[in-house]
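Below is one structure; the comments refer to it alone.
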Amino acid sequence: MSSKKIWIVDDEVNVGASLRLVLEGAGYDVLMCRTAAEFRARAARSRADAYLLDVRLPDGSGIDLLHNLRQMDNQAPVIMISGHGTIADAVTATRAGAFDFLEKPLGRDRLLLVLKNALEQAALQQENARLRELVGEG
């Protein structure tokens, strides 16, 4: 089985490097972007199994990127991350379909647990949809 592809969009170089080390150490393939524009340009060509999106980017909002992903009918789980997010940001992100909202600095164990749970939930939803299609056809 191939490893899961995780996309990180965060403008903080040190945070991105730390996240990459943690996720690659756990066996994930990692793609990285530092701006919303870079993500939009690359996301059309390559999808991921899950996304870690910073709420505040130099050229936009991670919440806007979440909306873009949902408009593309991309059901991969999105975990929002922020060093200075507000309760309003968390509520907005959750309502827009984010799986979770994590505050920086991100703890390794918590990050890996939330990501594991997000990927498992996504897999269950896909299996559920597949089974519904089978029942509908039968």
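The values are calculated or read from the model by the stated rules, or taken from the named source; none is laboratory data. Quantities reported herein were computed from a predicted structural model and do not represent experimental measurements. As a convention, Cβ positions derive from the backbone with ideal geometry for all residues, glycine included, and neighbour counts pool all protein chains shown. These accessible areas exclude ligands, DNA and RNA; they are computed on the full protein's heavy atoms, side chains included. Shrake-Rupley method; radii C 1.70, N 1.55, O 1.52, S 1.80 Å.
Screening the candidates R70, R42 for the property of being surrounded by fewer than 16 Cβ atoms within 10 Å (Cβ to Cβ), without any contact (Cβ under 8 Å) to a residue 24 or more places away in the chain, farther than 14 Å from D11 by Cα and of a type in the set (K, R) yields one hit, R42.
Does the stretch 73-88 hold any residues that are open to solvent by 30 Å² or more (accessible area, probe 1.4 Å) and over 19 Å from R34 (Cα atoms), and which are they?
Within the stretch 73-88, D73, Q75, T86, I87, A88 qualify.
Scan the stretch 45-59 and tell me whether some residue there is part of a helix (DSSP H, G or I) and open to solvent by 10 Å² or more (accessible area, probe 1.4 Å). Checking the stretch 45-59: not a single residue is part of a helix (DSSP H, G or I) and open to solvent by 10 Å² or more (accessible area, probe 1.4 Å). Scanning the stretch 18-32 for residues that are touching a helix residue (DSSP H, G or I) at 6+ places or on another chain (Cβ under 8 Å) and closer than 17 Å to K104 by Cβ yields L19, V22, L23, M32. Scanning the stretch 96-111 for residues that are open to solvent by 30 Å² or more (accessible area, probe 1.4 Å) and assigned to a helix (DSSP H, G or I) returns R108, D109, R110. Only a single criterion out of (1) surrounded by 15 or more Cβ atoms within 10 Å (Cβ to Cβ); (2) free of Cβ contacts under 8 Å to residues at least 24 places away in the same chain is not satisfied by A93, namely (2). Whether a residue is part of a helix (DSSP H, G or I) and open to solvent by less than 70 Å² (accessible area, probe 1.4 Å) was assessed, and L131 does not pass this test.
Per-residue answers, yes or no, for (1) within 15 Å of the chain's Cα centre (by Cα); (2) over 17 Å from E120 (Cα atoms):
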residue	(1), (2)
N14	no, yes
Y51	yes, no
V55	yes, yes
L69	yes, yes
N74	yes, no
I81	yes, yes
T86	no, yes
G107	no, yes
